[in-house]
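The values are calculated or read from the model by the stated rules, or taken from the named source; none is laboratory data. Everything quoted here is computed from the prediction, not taken from an experiment. For neighbour counting, all protein chains shown are included, and Cβ atoms are generated from backbone atoms with ideal geometry for every residue, glycine included.
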Amino acid sequence: MTYNAPPPPPSSGPYGGATPPPNNLVWAILTTIFCCLPLGVVSIVYAAQVNGKFAAGDLAGAQESSRKAKQWAIWSVIAFFVALVIYLIVIFLVVANGDTTSTSSL
């Protein structure tokens, strides 16, 4: 009795059944809404390019756009937390110095 391996699956797509890299579009949209609008928009632009480049046969370009979309989303989150820390420091300093704008008439 001999074992015959099944035939390979038929290739489809420009890379023989390869899947496109993740486009990170969800992360790009979420960081645009909740974190930093300008950096999030850049992330959305790169995320939108991934599937088109992959469909056109540009695997390297699709991977690069995927990497950049993720990178800009991460930068958006970092910018949010930096801005939040600065905001909290300013609030703390204002509260620590007291209310200097009120006038008391004695």
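Of the set (1) small (Gly, Ala, Ser); (2) modelled with pLDDT of 95 or more; (3) more than 27 Å from the chain's Cα centre (by Cα), all apply to Ala83 but (3). The single condition from (1) surrounded by 14 or more Cβ atoms within 10 Å (Cβ to Cβ); (2) more than 17 Å from Ala28 (Cβ to Cβ) that Ala83 fails is (1).
Scanning the stretch 58-78 for residues that are farther than 14 Å from Ala28 by Cβ and either within 13 Å of the chain's Cα centre (by Cα) or surrounded by 12 or more Cβ atoms within 10 Å (Cβ to Cβ) (or both) turns up Asp58, Leu59, Gly61, Ala62, Gln63, Glu64, Ile78. Taking Ser11, is it surrounded by 10 or more Cβ atoms within 10 Å (Cβ to Cβ), assigned to a helix (DSSP H, G or I) and either at pLDDT below 90 or not acidic (Asp, Glu) (or both)? So Ser11 does not fit the description; no.
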